[in-house]
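Report on the structure given below.
The values are calculated or read from the model by the stated rules, or taken from the named source; none is laboratory data. All figures in this text were calculated on a predicted structure; none of them were measured in a lab. Don't worry about glycine lacking a Cβ; one is built from the backbone with ideal geometry, like all the others, and counts go over all protein chains shown.
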């Protein structure tokens, strides 16, 4: 089976444990105001590649991936769930660790969809779930998409006992409110399989891509997030996690 793939990074170190082959899927339903990959939005804006070809690329550098594996990111890999599933199933046949980096936005609970998600999850070792904003109304403003399915997806993964890494991009003046980060912590505390939570500082490296595509950059003038300013936000996150755990005991 072939899928629309934007690009492949041979030695990724930020998208799951160890050194990884990172496959950037084409296509995304959301339009996050801080997105740094607008060139992945259109699903047919790139060429197609066979799943076996991706695994061949992995095999060429297999010795470097002994503590890593393959990560599917994007864009939104779940838009091509059939191709993604085939890739992961073939990877597991070779004992390759598989990681899905997703927003979870396309998740739905119809019988047909659940059957597909069940099959995908059975060959997925880790899910990196990007939670753009814990407040539903602000989530819509930031992404143009409701957060309901994302929250349901997180709980679905938890019910499946699937390891989850939570990621949240911190944008100055937009997603850096301590009270809201604390609420995120409360939500995370309810997920028994949330093994890691990461706050990612916003950067403006995507501006040039917007310019090249003739698009207006929504956050023009927003300064990059200073990593040192994450400290009180991590403290708020920990407070929320502690509060959430106390409420469930």
Note: among 233, 174, just one is out of contact with any helix residue (DSSP H, G or I) (no Cβ under 6 Å at 6 or more places or on another chain) and crowded, with 16+ Cβ neighbours inside 10 Å, namely 174
Quick check on residue 152: is it loosely packed, with under 15 Cβ neighbours inside 10 Å and in contact (Cβ under 8 Å) with a residue 24 or more places away in the chain?
yes
Sole miss for residue 157 among (1) under 29 Å from residue 223 (Cα atoms); (2) in contact with a strand residue (DSSP E or B) (Cβ under 9 Å, 6 or more places away or on another chain); (3) surrounded by 22 or more Cβ atoms within 10 Å (Cβ to Cβ) is condition (1)
Q) Could you say whether any residue in the range 105-126 is in contact with a strand residue (DSSP E or B) (Cβ under 9 Å, 6 or more places away or on another chain) and assigned to a strand (DSSP E or B)? A) yes
Turns out the helices (runs of 4 or more DSSP H) fully within the range 141-249 with at least 3 residues that are under 20 Å from residue 31 (Cα atoms) and at pLDDT 95 or above are 148-159
Pairs returned, first residue in the range 1-12 that is over 19 Å from residue 82 (Cα atoms), second residue that is outside any strand (DSSP E or B) and modelled with pLDDT under 95, beta-carbon separation under 8 angstrom, 6 or more apart or interchain, are 10/61; 11/61; 11/64
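Among the residues of the range 169-199, how many are over 18 Å from residue 152 (Cβ atoms) and within 16 Å of the chain's Cα centre (by Cα)? Full working, then the answer.
Taking the range 169-199 and keeping what is over 18 Å from residue 152 (Cβ atoms), we get 169-182, 185, 195-199.
Right, trim to within 16 Å of the chain's Cα centre (by Cα) and you get 169-170, 195-199.
Going through the range 169-199 one residue at a time, the tally reaches 7.
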Checklist entry - Yes or no: residue 207 under 18 Å from residue 14 (Cβ atoms), within 23 Å of the chain's Cα centre (by Cα) and surrounded by fewer than 17 Cβ atoms within 10 Å (Cβ to Cβ)? => result no
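Within the range 177-189, identify whether any single residue is touching a strand residue (DSSP E or B) at 6+ places or on another chain (Cβ under 9 Å), touching a residue at least 60 places away in the same chain (Cβ under 8 Å) and surrounded by 22 or more Cβ atoms within 10 Å (Cβ to Cβ), and answer yes or no.
Checked against the condition, which is being touching a strand residue (DSSP E or B) at 6+ places or on another chain (Cβ under 9 Å), touching a residue at least 60 places away in the same chain (Cβ under 8 Å) and surrounded by 22 or more Cβ atoms within 10 Å (Cβ to Cβ), the range 177-189 yields no hits at all.
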Picked from the range 24-67 (must be over 28 Å from residue 204 (Cα atoms) and outside any helix (DSSP H, G or I)), the residue modelled with the lowest pLDDT is 66
Restricting the range 86-97 to residues that are surrounded by fewer than 23 Cβ atoms within 10 Å (Cβ to Cβ) and outside any loop (DSSP other than H, G, I, E, B), the one farthest from the chain's Cα centre (by Cα) turns out to be 93
Q) On the given criteria, is residue 131 in contact with a helix residue (DSSP H, G or I) (Cβ under 9 Å, 6 or more places away or on another chain), free of Cβ contacts under 8 Å to residues at least 60 places away in the same chain, more than 30 Å from residue 177 (Cα to Cα) and surrounded by 15 or more Cβ atoms within 10 Å (Cβ to Cβ)? A) no
